[in-house]
Amino acid sequence: MLIALMFGLAAWSWSRLPDQIPTHWNLEGHADGHGNKIVGLLLLPLTVLGLYFLMMLLPLADPGRANYRNFAKTYNGLRLGFVAFMAVLYAATVAAAFGRRIDITTVAFLGTAALFLLIGNVMGKIRPNWFVGVRTPWTLSSKLSWDKTHRLAGRLFLLMGALFAVVAFVHNTWTFAAMLAFDAICLVWIVVYSYLVYRSDPDPTPPAGTSPSTD
């Protein structure tokens, strides 16, 4: 429904907007790039539609697809959260194209914060698979590493989401750079932590769902 609304908004806006509309904004929220209506009105809905169907098809290609039924609500929630984030961002960009006073940068940061908070809250519920979650050679080789790494990742994503919310209201070059540095450190630590837990596992056993299945 959200994707259909995006295309509906594009159709309604098509004849009401000029040939060139804003398509990119800087950290201060000022438009610094323009494009035609195909780029400004259709590219994002088409991208979201493609990614949505890709997320629907991934479980069918996953060797551990049997595990998806164990976190189906979580997976569907993540898929809906992604589409909702993109729909809000799209609505804001279209409103800005009509001349409304909207700080796209603030909307993008707040939306990303909400998405990261959602991911952080459900990360620990993701069951072993090949496409969703923290998939390193060590989480896929040790159930202990999978479980502990996802619990850590959940807490770190909550922190990153909170930081995005702060930067949404104080966005400049320095705060943006600090946020990127913090996020990079968190992501590197998640990978390193998965290895350290694997090394400490006295009997590393691949978690169920990470071996090829005949289902």
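What the table shows:
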| item | result |
| --- | --- |
| Residue 69/residue 189 FRET efficiency (R0 22 Å; Cβ-Cβ; nearest 0.05) | 0.10 |
| Candidate aspartates and glutamates - alpha carbon under 17 Å from residue 148, same-chain residues fewer than 8 apart omitted | 201, 203 |
| Spin-label model distance (nm) - residue 14 vs residue 182, 7 Å beyond Cα toward Cβ | 4.4 |
| Charge dipole of the chain about the Cα centre (unit charges at C-beta), most positive-ward option of 64, 26, 47 | 64 |
| Cβ charges +1 (Lys, Arg) and -1 (Asp, Glu), total dipole of segment 2-200, debye | 860 |
| Partner aspartates and glutamates for residue 125 [C-alpha distance under 14 Å; skip if fewer than 8 residues away on the same chain] | 147 |
| Kirkwood Rh (inverse of mean 1/r, distinct Cα pairs), segment 2-200, angstrom | 18.6 |
| Relative packing of 170-182, 192-204, which averages over residues the other C-beta atoms within 10 Å, highest first | 192-204, 170-182 |
| Per-residue [θ]222 nm for the chain (sum of -39500 (n - 2.57) over DSSP H runs n ≥ 4, rounded to 500) | -21500 deg cm²/dmol |
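Quick note: the coordinates plus some simple rules give every number you see, no bench work behind them. Since the structure is predicted, the reported quantities are computational estimates derived from the model, not experimental observations. All Cβ positions, glycine included, derive from the backbone under ideal geometry; neighbour counts span all protein chains shown.
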